[in-house]
1. Which ranges mark the helices (runs of 4 or more DSSP H) fully within region 322-415 that have 3 or more residues being acidic (D, E) and within 13 Å of the ligand (Cβ to nearest atom)?
2. Being polar (S, T, N, Q), within 13 Å of the ligand (Cβ to nearest atom) and out of contact with any strand residue (DSSP E or B) (no Cβ under 7 Å at 6 or more places or on another chain), is that true of even one residue in region 308-321?
3. Check I12 against each of (1) crowded, with 18+ Cβ neighbours inside 10 Å; (2) farther than 29 Å from M330 by Cβ; (3) out of contact with any Phe, Trp or Tyr (no Cβ under 9 Å at 6 or more places or on another chain) and name the one condition it does not meet.
4. If you take the residues in region 285-307 that are out of contact with any helix residue (DSSP H, G or I) (no Cβ under 9 Å at 6 or more places or on another chain) and under 17 Å from E275 (Cα atoms), which one is nearest to the ligand (Cβ to nearest atom)?
5. From L189, L167, L138, which residue is surrounded by fewer than 20 Cβ atoms within 10 Å (Cβ to Cβ), in contact with a helix residue (DSSP H, G or I) (Cβ under 7 Å, 6 or more places away or on another chain) and in a helix (DSSP H, G or I)?
6. Going by the conditions given, is G270 of a type outside the set (A, V, I, L, M), modelled with pLDDT of 95 or more, within 13 Å of the ligand (Cβ to nearest atom) and under 17 Å from G396 (Cβ atoms)?
7. Would you confirm whether or not region 250-257 contains a residue that is charged (D, E, K, R) and away from the ligand (no atom under 14 Å from the Cβ)?
8. Which residue out of L138, L112, L126 is within 17 Å of A259 (Cα to Cα) and either in contact (Cβ under 8 Å) with a residue 40 or more places away in the chain or basic (K, R) (or both)?
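The values are calculated or read from the model by the stated rules, or taken from the named source; none is laboratory data. Everything quoted here is computed from the prediction, not taken from an experiment. Note that each Cβ is placed from the backbone with ideal geometry, even for glycine, and that neighbours are counted across all protein chains shown.
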Amino acid sequence: MTILKSLLEQKISEHRPRTARLLGEWSEVVVDAVTIGQIVGGARDIHALVTDISYLDPQEGIRFRGKNIPETFAALPKAAGCEYPSVEAFWFFLLTGEVPSLAQAREVQDDLSRRAAVPRYVFEVLRAQPEDTHPMTLLSMAVLCMQRESAFAARHREVRKTQYWELMYEDCCDLLARLPEIAAFIYRLKYRQGDIIGARSDLDFGANFAHMMGIPRPYDDVARMYFILHSDHESGNVSAHATHLVASALSDAYYSFSAGLNGLAGPLHGLANQEVLSWILHFQQTLGDTLPDEDRVREALWETLSAGQVIPGYGHAVLRRTDPRYTAQMEFCQRHMPDDPLFRLVNMIYRVAPRVLSEHGKTKNPWPNVDSHSGVVQWHYGLREHDFYTVLFGVGRAIGVLANIIWDRALAYPIERPKSVTTDMLEAWGRAG
Ligand code: AMX
């Protein structure tokens, strides 16, 4: 058994009594009240889910296992010559809450490498799709068609409920390990005339992805940074919640993650990074190469708002400050590409947009989210096909949501089934005050 799996087993057995106590002693303790506004308004802010993988503070942003983004990057081990920790080190950290040594991260890398071979039929399924199929549809399809490989689906009836997590763990590791090759295949099939670059088993997750994309250094570090930043944002966002919801029916990791990807493909969620870039490029085209002044940016923002559109990359359902995932990418750009014209334009928009959105007066959060920066970095390193950007988000998101569903099975969380009511009922409660 790997060190990761045996440590995870230990952590799970230490954690189980805590869940048992919550259910046994404190089950009836009231945590939250629910208003009509929340019932009609997308369950916003209702405290109704539990996860220990990450927590999103509205002011401070995300913490992974208690560490904010700079602390996470500083704490996790980095291989020689790398600016960012490996995805493998981060996977170990998300699953166990412990910072691995470089050797432990390397063991995860070897384990994932052994699992990484993508079945041939996946490529055949992808090649058979019409040329204009969206890359997110291809990614979700690739994940879904591997469902026949699921160890959980095949064997969960043969084991005790307390062992379900082990089968889920096997599926999640297999699935995660295959994603870089599947994503890079989709990219090169669609945008590089099918000129596929084979995987290398000696490289870590980020470096292997960069290699298969055909993009030189420092894109390996861009990939590591990007996947870690996009991994998890607690449990209520659409992709995490959809994955958890589907898994709660004892559906396996393939069914569950494919569902999460379908949610990520929505323009109000993951697809926003594609939309941001289209919006900025359109804006740049109308202005030419020169950096516009603040008045011109303000005018363009108002044009979008007056047309009844949202400013993509701004606003958030939970956050009420600049997203630290935005800041982390901005800092990367300051170090590696300070003079990039698109980066300078994004900075200019950042100076103006929060004030415009505040004057517009609708959004509860006028500050940028992660998506308003991610496309700029990708564009700079030559990845200019922006309908691919949500695939990158999806590969990163897998790390968080798959860690979550392993723990869901370990703690035997039941099938999710909130109660719905009718409009008549709400009106009656409304009238009664
Ligand atoms: N531009 C213009 N209007 C905005 C806005 C923006 N960026 N963000 C929110 N609003 C509007 C909403 O459309 C809503 O208007 P309505 O009352 O007419 O329907 C009003 O402000 C109140 O919305 P909110 O409570 O502040 O936000 P929300 O929780 O309902 O939605 C989000 C959050 C992210 C969907 C929204 O801010 C948005 O559409 N942003 C642009 C798209 C985007 O960047 N999405 C990516 C989010 C991060 C991610 O998941 N990857």
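1. Working: elements: 324-336, 341-360, 371-380, 389-410.
Of the helices (runs of 4 or more DSSP H) lying wholly inside region 322-415, none has at least 3 residues that are acidic (D, E) and within 13 Å of the ligand (Cβ to nearest atom).
2. Step one: list which residues in region 308-321 are polar (S, T, N, Q), which gives 309.
Add one more test, that the residue is within 13 Å of the ligand (Cβ to nearest atom), and what stays is 309.
Then drop every residue that is not out of contact with any strand residue (DSSP E or B) (no Cβ under 7 Å at 6 or more places or on another chain), which leaves 309.
For region 308-321, residues polar (S, T, N, Q), within 13 Å of the ligand (Cβ to nearest atom) and out of contact with any strand residue (DSSP E or B) (no Cβ under 7 Å at 6 or more places or on another chain): present.
3. So I12 meets the others, but not (3).
4. A307
5. Working: L167 fails: surrounded by fewer than 20 Cβ atoms within 10 Å (Cβ to Cβ); L138 fails: surrounded by fewer than 20 Cβ atoms within 10 Å (Cβ to Cβ).
So the residue among L189, L167, L138 that is surrounded by fewer than 20 Cβ atoms within 10 Å (Cβ to Cβ), in contact with a helix residue (DSSP H, G or I) (Cβ under 7 Å, 6 or more places away or on another chain) and in a helix (DSSP H, G or I) is L189.
6. Working: of a type outside the set (A, V, I, L, M): yes; modelled with pLDDT of 95 or more: no; within 13 Å of the ligand (Cβ to nearest atom): yes; under 17 Å from G396 (Cβ atoms): yes.
Criteria not met by G270.
7. Within region 250-257, the first condition is being charged (D, E, K, R), and the residues that meet it are 252.
Then keep just the ones that are away from the ligand (no atom under 14 Å from the Cβ); that gives 252.
Checking region 250-257: at least one residue is charged (D, E, K, R) and away from the ligand (no atom under 14 Å from the Cβ).
8. Working: L112 fails: within 17 Å of A259 (Cα to Cα); L126 fails: within 17 Å of A259 (Cα to Cα).
From the options L138, L112, L126, the qualifying one is L138.
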